[in-house]
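The values are calculated or read from the model by the stated rules, or taken from the named source; none is laboratory data. The model shown is predicted, which means the values in this text are computed figures rather than measured ones. Note that we place each Cβ from the backbone using ideal geometry, even for glycine, and neighbour counts take in every protein chain shown. Keep in mind that these areas ignore ligands, DNA and RNA; they rest on the heavy atoms of the full protein, side chains included. Shrake-Rupley method; radii C 1.70, N 1.55, O 1.52, S 1.80 Å.
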Amino acid sequence: MTTPDPDCIFCKIVAGQIPSKKVHEDDDVLVFHDIHPWAPVHVLVIPKQHIATLADTGSEHDALLGKMLSLAPRLMKQLGVSNGFRTVVNTGPDGGQEVYHLHMHVFGGPRPWARG
Ligand code: AMP
Ligand code: ZN
């Protein structure tokens with residue numbers, strides 16, 4: 001579950017095989033702009049390790065998940081978002097997940113938004 005998946009688009013972004021507009025990178029987490037933004041600011045926070053969905057996490061991922069969530073306010077501030085933001089994790093088919101590498105959407109900026 002944690003080895004890179006050769007068919008996973010986000011693993012390819014982590015590996016630098018597909019370009020992305022990065023806003024943050026550390027040992028555990030990568031953050032980049034969504035290619036089809038729903039809001040003036042729309043970034044994706046992903047773990048560098050391949051975890052397919054939030055439903056595949058356990059208590060061993062507590063620190064990673066905490067880090068992903070706590071990055072959101074800091075990055076929104078850095079990106080000039082000052083009036084609130086929305087965080088979303090789509091999980092599995094009924095959750096509307098399209099890319100099966102865990103990711104948290106963070107949306108911000110003045111409304112109206114294209115979606116959400
Ligand atoms: P979800 O429906 O939660 O799985 O969302 C997947 C998100 O990944 C969508 O908002 C896509 O626009 C975004 N996405 C897919 N491919 C890329 C890419 N190469 N670079 C940036 N964002 C992407
Ligand atoms: Zn992956």
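Inspection of the stretch 49-67 finds a residue satisfying the criterion of being more than 23 Å from Ile9 (Cβ to Cβ), more than 15 Å from ligand 2 (Cβ to nearest atom) and among the hydroxyl-bearing types (Ser, Thr, Tyr). Among the conditions (1) free of Cβ contacts under 8 Å to residues at least 24 places away in the same chain; (2) of a type outside the set (D, E, K, R); (3) within 16 Å of ligand 2 (Cβ to nearest atom); (4) not in a strand (DSSP E or B), the only one that His101 does not satisfy is (1). Taken over the stretch 66-103, the residue count meeting the criterion of being of a type outside the set (Gly, Ala, Ser), within 16 Å of ligand 1 (Cβ to nearest atom) and farther than 20 Å from Ala39 by Cβ is 6. The single residue among His101, His61 that is touching a Cys at 6+ places or on another chain (Cβ under 7 Å) and open to solvent by less than 60 Å² (accessible area, probe 1.4 Å) turns out to be His101. Taking the stretch 70-108 as the range and being touching a Ser or Thr at 6+ places or on another chain (Cβ under 7 Å) and over 18 Å from Cys8 (Cα atoms) as the test, the residues that pass are Ala72, Val106.
Among the residues of the stretch 74-94, those that are within 12 Å of Leu54 (Cα to Cα) and touching a residue at least 24 places away in the same chain (Cβ under 8 Å) comprise Val88, Val89, Thr91, Gly92.
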